[in-house]
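K.L.:
Provided herewith is a single structure, encoded as C-alpha cells, for subsequent inquiry.
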Amino acid sequence: MSLTPGAVSHGSDSIALFEVVERARRRLLAQVGIRELLWGATVALAGPVLLLALGTDMLPAAALWVFLLAGLGVAAYRISEQRPTPDRAARVLDARWRTEDQLSTAYCFRERRDDAAQSQRLLAERVTGGDVNAALPFEWPVSGWAAAATTALAVLLLVLRVGTLSTLDLRAPLIALPVPGFLSPTQTAAETPPEGGGGESAQTLTETREEGDKTEQAEAPEAEPLMAALEGEGADEAFQMPEVEGLSAGEEAGDDLSPPSAEGEQAEGEEGDESSPSNSPPEEGGDWSEESENLLDRLKDAFENMMETMQTESQEASAGESESGEGEEGGESPSESGEQAQAEEQGGEQASDAEMEGGEQSEGESEQAADGQGANNAEEAGQAGQSAAASGTAEGSKELAEQAELEAALDELEEFYQERAEDVAGEILVETDSSEQTLRTEYRDTNATHADRGGDVNRDEVPQAYKAFIERYFQTLRQESPK
Amino acid sequence: MPETTIEPVVAQLEAVRNEIGKIIVGHEDVVEGALIALVAGGHVLLEGVPGLGKTTLLRTLGEALHLDYSRIQFTPDLMPADILGSALMDTDAAGGKSLRFERGPIFANLVLADEINRATPRTQSALLEAMQERTVTTGTETHRLDDPFLVMATQNPLEMEGTYPLPEAQLDRFLLKILVTYPERDEMATIIERTLEPEKPSVAQSMGKDQILEIRRQAAEVLIAPHVRDLAIDLVLATQPDTKNAPEVTKKFIRYGSSPRGAQSLVQAGRVRALLRGRLNVSTGDVRALAPAALRHRIILNYDAHAEGLTEDAVLEQILEGMPSDE
C-alpha cells in the first residue's frame with residue numbers, strides 16, 4: 001500500500017504553495033525593510049540633532065552627510081542580514097496559520113518527486129487558502145518610535161534655537177560643552193583675527209546705534225541673546241573693535257558711543273533685569289562682516305547695559321568685586337576682566353552723563369546684571385569653595401564619630417561573645433548552597449561549582465529505598481523554613 | 001482535489017483508539033503514546049500509582065490489535081528463564097532424549113511487563129536483548145522475535161521497598177515513558193458507571209499484524225524538515241550539561257543528559273504522531289509535545305534538583321521554553 005497510488009498529479013502541484021510563500025516573503029521583506037529603514041533614519045536624524053545642539057562651529061555641516069550615509073549603511077546592512085528567505089517565510093506562515101509546518105516542509109522538499117513528498121505537498125496545498133496579509137499584519141516597529149522621537153527632538157531643538165536666538169544661524173551652539181577638546185567660545189573668539197571684519201563692524205555698529213532707539217523696544221524679549229553677546233566672544237570681539245578698544249582704555253568711550261536717550265536707558269535697565277539670571281551660552285564669534293544687523297543691535301544694547309552698570313556701582317564695591325573677579329577668572333574671560341577695569345577707571349569720567357540717571361533708576365536691576373556677569377562669579381566660586389571645605393570638615397568629624405561608635409560596639413560584642421564562649425560546647429554546622437560556591441585553590445586557579453568538584457552527593461550513593469525518605473526530609477525542611 | 005491514502009491510515013488508528021476508549025476512560029495521551037510506540041517499533045514504560053488502569057489499558061490494546069499477547073508479572077523471584085524460555089528434556093517413544101527449547105512469554109507481539117521494577121536486575125537484563133535486538137539467545141541458539149514486538153512495562157513510583165529501579169541502559173530502550181495521572185471528576189464518574197454495568201463492553205479487533213506493519217512502513221516515509229530535525233537535536237543537546245550552549249537550568253540541575261537515542265525517539269515518535277493527525281510531515285509541535293515522554297527517562301537530575309523538589313518534567317519544561325520559536 002502506498003500513500004499516493006496514482007492519486008497525485010505530479011505536474012501542476014505546488015503553484016498555490018509557491019505563490020503563498022512568495023507573497024509572505026515579500027511582505028516580510030517589506031516589514032523588515034520598513035523597520036530597518038526607520039533605524040537608518042534614526043541614525044541619520046542624529047546628525048541634525050547634534051548639529052542643532054552643537055552648532056556648525058563645533059560640528060561641521062559636512063557631518064550631516066556622514067550621518068546620512070551611516071544611516072543608509074546601517075539600514076542596508078541590517079536588511080541584508082535579516083532578509084527573509086522563502087523557507088523562513090513558509091515557517092512564519094506555518095506558525096501564524098498553525099498549519100503544523102506543512103507549508104515549510106512542502107517548500108523544503110519541493111524538488112523531490114517521490115510519492116511521499118508529492119502527497120505531503122498535496123496536503124500542504126489544502127492549507128494555503130489563508131490570508132497572507134492577515135497572517136502577517138504590519139505592526140508599528142520599535143524603530144518607528146525611535147525615529148519619531150529623534151524627529152521630535154530635532155524639531156524641539158530647532159524651535160528652541162529659533163525661540164532663543166531668534167535666528168536660523170546654525171553656527172552657535174545651544175549647549176556649552178565643558179570638554180577641553182572642544183573649542184570654547186572664548187577661545188574661538190580669541191583665536192579669531194580682529195582685523196578681519198573690524199572696519200565693517202564698526203561701520204555697522206555706528207549704523208546700528210542710530211537705529212538703536214527704534215529697535216530697543218522690539219528687542220526687549222531677546223535678552224538672552226543679548227547677554228550671550230555680552231558675555232561671549234561677541235563682547236570680546238567688540239572690545240577688539242576700534243571703538244571698543246578705546247573704551248576699554250578709558251579714552252574714547254564717551255566720544256564713540258554717544259549716550260542714548262533716557263527712554264533707551266530705561267529699556268536697557270529692564271533688559272538687564274531680565275537677562276541677568278539667564279545662563280544662555282554665549283554666541284559663537286565668527287566673520288563679523290556677515291553679521292546681521294540684528295546681532296549688532298544686540299551688541300550695542302549690551303554695551304550700553306554694561307556702561308550703565310559700571311556707572312551706577314559704587315567704586316569701593318565694584319573695585320573689590322573686580323579684583324576678585326580678575327583674580328579668579330582673568331585667564332578664562334578677559335572680556336569680563338576688561339569690564340571690571342572699565343568700571344574702575346571710568347567711574348569718575350562718566351558720572352556726569354545722562355546715563356547716570358537711568359543707571360540710578362535701575363540700580364538694583366543693574367547690580368543683579370553685574371552679579372550675574374562678572375565679579376560675583378568669583379564670589380560664588382569662593383563661596384562654593386568655602387562651603388565645600390565646611391562640608392568636608394563636617395563629614396570628617398561624622399566619620400570619626402561613627403568609627404568611635406563602631407569600635408565601642410565591637411568591644412561590647414567581643415566581651416559578650418567571650419562570656420558566652422565559656423559556656424558553649426559542641427559543633428557548628430554551616431549549611432551553604434552547593435551550586436553557588438566558588439572553589440579556588442592556590443594550586444588550581446579555576447572557578448568551579450561545588451558539584452563540579454564532586455562535593456555533591458552522588459545519586460547512586462543514596463539507596464533507592466531511601467529516596468522517598470530523603471524527599472520527605474527535604475519537603476519537611478522546605479515546609480519548616482520556606483524561602 | 002485528489003485524495004491521498006493517508007485517510008484510511010488515520011481511520012484505522014482512530015478505530016483502535018475508539019476500541020480502547022470503550023474500556024479506558026480518558027487517558028487519551030496514554031493511549032496515543034502506546035499506539036505511537038507500537039507503530040514506531042518502540043517500547044513504552046507506564047508509570048503511575050496503582051489503580052489507574054495501566055494494566056487494563058495495555059491488555060485492552062492487545063485485545064484490540066489482534067496480536068499475540070502475553071503478560072508477565074514481575075516479582076523478585078522471577079528468573080530470566082521464566083521470561084525467555086528454557087530447554088526442556090523430551091523423551092520420545094523410543095526412549096530417546098532430546099532438548100527442546102520451550103519459548104517463554106517474551107515470544108509474543110505484545111508483552112505486558114507488569115511492575116517491571118520488582119524483578120531483580122538480572123531478570124530485567126533478560127529483556128535488554130529482546131527489546132533492542134528483537135532476538136533471544138539461549139545457549140548457542142538465537143531465536144528471532146516476531147514482528148511487531150512491543151514491550152509495555154509498568155512501574156509503581158511509590159512502593160520502593162523490595163524494588164530494583166531500572167538501570168539507565170534499560171530505561172534508554174523505552175521509546176516513551178508515559179506518566180499515568182489521576183482521572184478527572186467526570187472521567188471518574190464514567191469509570192464507576194461502566195464498572196457497575198452488568199455487561200462489560202467487548203473490544204473488537206480492529207487492526208492486525210500486517211496492517212500495523214504497513215502503517216509502520218508509511219510512518220517511515222513521513223517527512224521531517226531540517227528545521228524540525230534541528231529542533232529535536234537541539235532539545236537533546238540542551239539536556240546535556242557538558243555541551244557548550246547548554247542552558248543554565250541544565251547546568252544547574254541535570255547530571256547526565258539524553259543520549260542520541262533521545263533524538264531518534266523524538267523523530268520516530270513524531271512521525272507516527274503526525275500520521276495519527278493526518279499529516280505527512282513532522283512538525284515542531286510534534287517534537288515539543290513528545291519531548292517530555294521521550295526524554296524524561298533519559299536524563300538524570302543531580303542532587304540540587306532533588307533538594308529543590310524539581311522533577312524531570314519541570315526541568316524539561318524550562319528547556320522547552322528556552323527553545324526558539326518561529327512566532
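K.L.:
Going by the structure shown, is B:Pro165 over 18 Å from B:Val111 (Cβ atoms), within 14 Å of chain A (Cβ to nearest Cβ) and either surrounded by fewer than 20 Cβ atoms within 10 Å (Cβ to Cβ) or free of Cβ contacts under 8 Å to residues at least 40 places away in the same chain (or both)?
P.N.:
yes
K.L.:
Quick one: which strands (runs of 3 or more DSSP E) lie wholly within region B:24-136 and hold at least 3 residues that are aromatic (Phe, Trp, Tyr)?
P.N.:
Counting at least 3 such residues, we get no strands (runs of 3 or more DSSP E) at all.
K.L.:
Suppose we filter region B:231-243 for residues that are touching a residue at least 24 places away in the same chain (Cβ under 8 Å), more than 12 Å from chain A (Cβ to nearest Cβ) and not polar (S, T, N, Q); how many remain?
P.N.:
6
K.L.:
Right, something else. Mind counting the residues in region B:35-53 that are of a type in the set (Gly, Ala, Ser) and at pLDDT 90 or above?
P.N.:
4
K.L.:
Please return the ranges of helices (runs of 4 or more DSSP H) entirely within region B:244-327 where 3 or more residues are aliphatic (A, V, I, L, M) and within 14 Å of chain A (Cβ to nearest Cβ).
P.N.:
Hits in region B:244-327: B:260-276, B:284-295.
K.L.:
While we're on this one: Within region B:218-230, take every residue that is in contact (Cβ under 8 Å) with a residue 24 or more places away in the chain and more than 10 Å from chain A (Cβ to nearest Cβ) and give me the one that is surrounded by the most Cβ atoms within 10 Å (Cβ to Cβ).
P.N.:
B:Ala219
K.L.:
From the list B:Gly85, B:Gly62, B:Gly104, B:Gly53, which one is under 24 Å from B:Gly139 (Cα atoms) and either in contact with a helix residue (DSSP H, G or I) (Cβ under 8 Å, 6 or more places away or on another chain) or buried (at least 20 other Cβ atoms within 10 Å of the Cβ) (or both)?
P.N.:
B:Gly104
The values are calculated or read from the model by the stated rules, or taken from the named source; none is laboratory data. Please read all numbers here as calculations on a predicted model, not as lab measurements. Cβ coordinates were reconstructed from backbone atoms using ideal geometry, including for glycine residues, and neighbour counts include every protein chain displayed.
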